[in-house]
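A.B. asks: After the structure tokens below, expect a handful of questions from me.
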Amino acid sequence: MVVATIGTTVHPTVGESFPINKSKIRGEVSEGMICAEDEIGLGTDHDGIMVLDANAVIGSPAKDYFKLNDDYCTKLA
């Protein structure tokens, strides 16, 4: 899965870019966001968490996995 950590700016397919900040969601502290395809500008699918190939290296930059020039989300998890 792709995880946007605190300090990452995500660039969705539709809408404005926004930074990931530490916040509370449903009363729980959130220190990041598990991303859907449309939340990081890779397509229009918003069905849920992106499932990556088994060869995805945990902790590596998403830009390397997707072969992008920009780092839309920081880490693979």
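Throughout, read-outs are computed from the coordinates displayed, never taken from laboratory work. Here the structure is a predicted model, which means the values were calculated and not measured. So basically every Cβ, Gly included, is an ideal-geometry build from the backbone, and we count neighbours across all protein chains shown.
A.B. asks: Using a 10 angstrom Cβ neighbour count of at most 13 plus a DSSP loop assignment to flag exposed trypsin sites (Lys or Arg not before Pro), which longest range of the chain is free of such sites?
C.D. replies: My reading of the result: 27-66 is the longest stretch.
A.B. asks: Name the longest site-free stretch of the chain, where the excluded sites are GluC sites (Glu not before Pro) in a DSSP loop with no more than 16 other beta-carbon atoms within 10 Å.
C.D. replies: That would be 32-77.
A.B. asks: Please report the orientation-averaged projected area of region 1-58, defined via the convex hull of its C-alpha atoms, in nm².
C.D. replies: For region 1-58, averaging the hull's shadow over all directions gives 4.6 nm².
A.B. asks: In terms of modelled amide H atoms, which long-range or inter-chain residues lie less than 5 Å from the amide H of GLY41?
C.D. replies: Amide H to amide H, under 5 Å and 5 or more residues apart or across chains, GLY41 pairs with THR13.
A.B. asks: Pop out the ³J(HN,Hα) list for region 39-48 in order, Karplus 6.51 cos²θ - 1.76 cosθ + 1.60 with θ = phi - 60°, rounded to Hz; leave Gly and Pro as x.
C.D. replies: Computed from phi, the couplings for region 39-48 are 6, 10, x, 9, x, 10, 6, 10, 6, x Hz.
A.B. asks: Then there's this: How far apart, in nm, are the 7 Å Cα→Cβ label points at MET1 and ASP64?
C.D. replies: 2.1
A.B. asks: With each pseudo-label sitting 7 Å past Cα toward Cβ, what's the SER17-VAL51 distance in nm, one decimal?
C.D. replies: 3.1
A.B. asks: Related question: Can you run phi through the Karplus equation (6.51, -1.76, 1.60; θ = phi - 60°) for region 62-67 and list ³J(HN,Hα) in whole Hz, with x for Gly and Pro?
C.D. replies: 4, 4, 5, 4, 8, 6
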